[in-house]
Amino acid sequence: MSSSTTTSVETMATPEAQQAVYIGLVNPKTPTNVGGIMRASGCYGVDAVFYTGKRYEYAARGPQQYNADTQSAAERIPLTGVASLLDAIPSDTKLVCVDLVLGATPLPEFVHPEKAFYVFGPEDGTIGQEIIDRADAVVYVPTVGCMNLAASVNVLLYDRLAKAHRGQVSALTEFDGDALIRQSRDNNNRTRVKTTKQSSST
């Protein structure tokens, strides 16, 4: 369950850390989407998730919805309700808004900052102009139509990971590929890529 506070993330962030990733949600609507975002946060190493508004909290108290956070990432990653996302941003962290906003940069062309606070609009709305005006960058995913909120967070975080792999050795390389796959996959998954027999020369 979430905790509500107006405390900034300064106490959560490690000053000497070179990389830091935070997610900010503007008045999210459904526990299913928030759960999906928490699962993505666990997969991609997000440090903390913040949200504004009361809709998520009210909905979470209602009838149990589908649990999208099947890896229980919320037990390891803080999920915190705040009065203002702008007040929750550490001083050395760039604010990046992710939404279909005129003039925004296409995500494939975007260079992610080392320390980023990514803000996403609600399922049925957009990010407020006051946040857009304070942003260091505004990006959008160039799809036909808009994506689900949790899907948008997944795409953004994957884009960050993929681009990090191109320029530097990722922390994930402490595993060889198969070791990481074995650790991450579902217990029922036992499939593997078919090995091709090399034909002998005649």
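Kindly list the number of the only condition in (1) more than 23 Å from residue 43 (Cα to Cα); (2) modelled with pLDDT under 65 that fails for residue 168. (1) is the only condition that residue 168 fails. In the stretch 40-127, counting only strands (runs of 3 or more DSSP E) that sit wholly within it, the ones holding 2 or more residues that are buried (at least 21 other Cβ atoms within 10 Å of the Cβ) and at pLDDT 95 or above span 48-51, 94-98, 115-120. Looking across the stretch 102-133, the residues that are β-branched (Val, Ile, Thr), closer than 19 Å to residue 86 by Cα and in contact with a helix residue (DSSP H, G or I) (Cβ under 8 Å, 6 or more places away or on another chain) come down to 119, 131. Do you know which residues across the stretch 95-121 are over 14 Å from residue 160 (Cα atoms) and of a type outside the set (A, V, I, L, M, F, W, C)? Of everything in the stretch 95-121, those that are over 14 Å from residue 160 (Cα atoms) and of a type outside the set (A, V, I, L, M, F, W, C) turn out to be 99, 103, 105, 121. Working only within the stretch 128-149, note down all residues that are without any contact (Cβ under 8 Å) to a residue 60 or more places away in the chain and open to solvent by less than 20 Å² (accessible area, probe 1.4 Å). Scanning the stretch 128-149 gives a single hit, 139.
The values are calculated or read from the model by the stated rules, or taken from the named source; none is laboratory data. Only a predicted model underlies this, so the values are computations on that prediction, with no experimental measurement involved. Counting neighbours? That spans all protein chains shown, and the Cβs are built from the backbone with ideal geometry, glycine included. Please note that ligands, DNA and RNA were not included when accessible areas were found on the heavy atoms of the full protein model with its side chains. Shrake-Rupley method; radii C 1.70, N 1.55, O 1.52, S 1.80 Å.
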